[in-house]
Amino acid sequence: MNRPLIKLCGNRSLEDLKMTSKSNADYLGLIFADSKRRVQAHQVKEWLDLVDIKNKQLVAIFVNASLNEIEDIMKKLPIDVIQCHGSETVRDIANIKHHFNKRVWKALPHYERTLSDMKKYAEAADGFVIDSKVKDAFGGTGQTFDWSKVPCYIQAAEELNKTLFIAGGIAPDNILQLLGLHPPGIDVSSGIEQNGKKDETLLTRLEERVNHHVSVSR
């Protein structure tokens, strides 16, 4: 199998960014919404002056943000992808994509209507992040969902020609189970953290398991 795209999300400090920038990740996620991992644009700008993220792309995560709020971030940082993690409508996603001319991913919770939501948002979104649905949280809960549904999401994304990431509670201890389903992308945050910080040992272990699975699957 090909290696899945890897997104390391929730970078909340200079130390986090230094560590993830040395990884094999394709995307580094930054949260600009109410969250324990929330960062400010001026902080990130300072970090980027000190860290070479190489060829990795930056994903900015928003929850029900206005165009003005997003624009404030986009003016200050070299964001490649805008990820909408709230209850944004299809029209909202279309407006964001038109206004900024950037790729826009829509995060969707795993529930009984996720597949129909994917089809609905496909007219505007460039990709999807499927995450666990936990009460009123908009993600970042560190909990997995029923991965038996992942093949259905993969098939739908392929048919819609959209990028797809699976998120929610992915960690070194369970990554092999998910990789066995061949997801095109994985989104990891709390699974590589200890005491609120990205942990080099956990990140290394996760990457080793991804690399080993890819090599033995070929």
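Quick notes on this one:
- Filter result for G169 (touching a helix residue (DSSP H, G or I) at 6+ places or on another chain (Cβ under 9 Å), over 14 Å from P109 (Cβ atoms) and modelled with pLDDT under 95): no
- Test: N55 is on the phi > 0 side of the Ramachandran plot, without any contact (Cβ under 8 Å) to a residue 24 or more places away in the chain, open to solvent by 20 Å² or more (accessible area, probe 1.4 Å) and of a type outside the set (A, V, I, L, M, F, W, C): no
- Test result for L202, open to solvent by 20 Å² or more (accessible area, probe 1.4 Å) and not small (G, A, S): yes
- Taking (1) open to solvent by less than 30 Å² (accessible area, probe 1.4 Å); (2) in contact with a Cys (Cβ under 7 Å, 6 or more places away or on another chain) in turn, T114 satisfies each apart from (2).
- Residue identified as modelled with pLDDT of 95 or more and at positive phi among N64, N68, N95: N64
- Residue match in the stretch 6-17 (condition: open to solvent by 30 Å² or more (accessible area, probe 1.4 Å) and within 17 Å of E207 (Cβ to Cβ)): no
- On inspection, R3 does not qualify as over 18 Å from R205 (Cβ atoms) and either more than 13 Å from the chain's Cα centre (by Cα) or open to solvent by 10 Å² or more (accessible area, probe 1.4 Å) (or both).
- Criterion violated by V63 - all others in (1) closer than 23 Å to K197 by Cα; (2) open to solvent by less than 80 Å² (accessible area, probe 1.4 Å); (3) touching a helix residue (DSSP H, G or I) at 6+ places or on another chain (Cβ under 6 Å) satisfied: (3)
- Condition broken by H42, with the remaining ones in (1) open to solvent by 40 Å² or more (accessible area, probe 1.4 Å); (2) in contact with a Phe, Trp or Tyr (Cβ under 6 Å, 6 or more places away or on another chain) satisfied: (2)
- All positions within the stretch 18-32 that are open to solvent by less than 10 Å² (accessible area, probe 1.4 Å) and not polar (S, T, N, Q): A25, L28, G29, L30
- One residue stands out among those in the stretch 169-179 that are open to solvent by 10 Å² or more (accessible area, probe 1.4 Å) and in contact (Cβ under 8 Å) with a residue 24 or more places away in the chain: the one that is nearest to P151 (Cα to Cα), which is Q177.
- Filtering V90, V81, V104 for residues that are in contact with a helix residue (DSSP H, G or I) (Cβ under 8 Å, 6 or more places away or on another chain), buried (at least 19 other Cβ atoms within 10 Å of the Cβ) and of a type in the set (A, V, I, L, M) leaves a single hit, V104.
The values are calculated or read from the model by the stated rules, or taken from the named source; none is laboratory data. Fair warning: this is a prediction, and the values are worked out from it, not measured in the lab. When we count neighbours, we look across all protein chains shown, and the Cβ atoms used for this are built from the backbone with ideal geometry, even at glycine. Only protein heavy atoms, including side chains, enter the accessible area calculation; ligands, DNA and RNA are left aside. Shrake-Rupley method; radii C 1.70, N 1.55, O 1.52, S 1.80 Å.
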